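S.K.: Please find one structure pasted underneath; my questions will follow.
Throughout, read-outs are computed from the coordinates displayed, never taken from laboratory work. It should be emphasised that the depicted structure is a prediction, and the values quoted were computed from it without experimental measurement. Heads up, the Cβs are rebuilt from the backbone with ideal geometry, glycines too, and the neighbour counts pull from every protein chain shown.
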Amino acid sequence: MTPRILAAVAVRVLTQLRRDRRTLVMLLVVPCLLITLTWWMFLDTADGSGDVFDRIGPGLLAIFPFTVMFLVTSVTTLRERSSGTLERLLALPTGKLDFLLGYAVAFGLVAAVQAALAVGVSVELLDLQVVGPLWLLGVVAVADAVLGTALGLFVSAFARTEFQAVQFMPVVVVPQILLCGLIVPRDDLPAALGAVSDVLPLSYATDAMQHLTLTSATAQVWQDVAVVLAYAGAGLALGAVTLRRRTA
């Protein structure tokens, strides 16, 4: 790994994103809109929006950045490979790890902006109640988005078309959404599903978010963040092993 090459890859990705307004809207605006839509759905319920949104809002802050980053990264990486750009890059003194980490750094910076916007909208505009440090809520959101980036980079190696990349969402993303504790508390899941939930990284991101809305203690939150980042690191390592120069 060469820091100079890694930085060059990151700058290149950020430059491309700056020119692609539709992707920027999807990365920065769509998560905020989806969170707002969910809040609006419960506005006129019998319980009022507050109780319901305070319960599911933290999970949404974990799910939406993860899902959007997974989708955008997997499709973008596949496009780089199918267009021959990846093959040209790797013909230069650019290693696979330089390429993947450059992408992770670039999307990690975008994730920081995304997290700031999503947390700001949820807390300041939608009145999500947070007891723990607000900045730590942003850290968890960024770690979660980096996880989505890492898994998107990994699964893109197994797709030949953008449609196939999208097809990985029901396999990789949807089970994690169902079992992360947003719909049914993890303690109430059947034993077998609870065991599966314990090994899914999104569960730990959701737990960290929910923990911050209940207490100011942060030790458990940092443990959950460490687990999420460990999964992200494993995803990047596997991505480096499986990354192909071009689509066969």
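S.K.: When you count, for each residue, the other Cβ atoms within 10 Å and take the mean per peptide, how do 68-79, 137-148, 14-25 rank with the highest first? Present the calculation step by step, with values, prior to reporting the outcome.
M.R.: On the way: 68-79: 23.2, 137-148: 26.6, 14-25: 12.6.
In decreasing order of mean packing, 68-79, 137-148, 14-25 become 137-148, 68-79, 14-25.
S.K.: Hey, another quick one. Rounded to a whole number of µm²/s, how large is the Stokes-Einstein D of the chain at 25 °C and 0.890 mPa s, given Rh as the Kirkwood radius over C-alpha pairs? Walk me through the intermediate numbers first.
M.R.: Details: Rh = 18.4 Å.
D = 133 µm²/s.
S.K.: If you average the C-alpha positions of the stretch 175-228 and of the stretch 11-34 separately, how far apart do those two centres end up, in angstrom?
M.R.: About 28 Å separates the Cα centre of the stretch 175-228 from the one of the stretch 11-34.
S.K.: Express in % the proportion of alpha carbon pairs of the stretch 113-178 at distances exceeding 15 Å.
M.R.: Working: 1339 of 2145 pairs.
Percentage above 15 Å: 62.
S.K.: Measuring from centroid to centroid over Cα atoms, what is the spacing of the stretch 103-132 and the stretch 52-80 in Å?
M.R.: So the separation of the two Cα centres works out to 12 Å.
S.K.: Just tell me, in residue order, which DSSP H segments of the chain are both 30 angstrom or longer along the helix axis (alpha-carbon based) and at least 0.5 in mean Kyte-Doolittle hydropathy.
M.R.: Numbers: long enough: 48-82 (49 Å, 0.63); 96-120 (35 Å, 1.62); 134-155 (32 Å, 2.16); 219-242 (35 Å, 1.27).
Within the chain the helices that satisfy the rule are 48-82, 96-120, 134-155, 219-242.
S.K.: Here's something else I'd like to know. Along the Cα-to-C-beta direction of GLN167, a point sits 7 Å from the Cα; which residues of the stretch 55-71 have their amide N less than 19 Å from that point?
M.R.: What the label zone holds, given the 19 Å backbone N cut-off, is 71.
S.K.: Still on this model: Give me the base-10 log of I(q)/I(0) for the stretch 122-248 at each q in 0.12, 0.14, 0.22 Å⁻¹, Debye formula, one uniform scatterer per Cα, rounded to two decimals.
M.R.: Scattering profile of the stretch 122-248, log10 relative to I(0): -0.53, -0.69, -1.27.
S.K.: Here's a follow-up. Using only helices, what value at 222 nm comes out for the chain when you add -39,500 (n - 2.57) per DSSP H run of length 4 or more and divide by the total residues, to the nearest 500 deg cm²/dmol?
M.R.: Numbers: 12 runs with 177 residues, N = 248.
Result for the chain, helices only: -23500 deg cm²/dmol.
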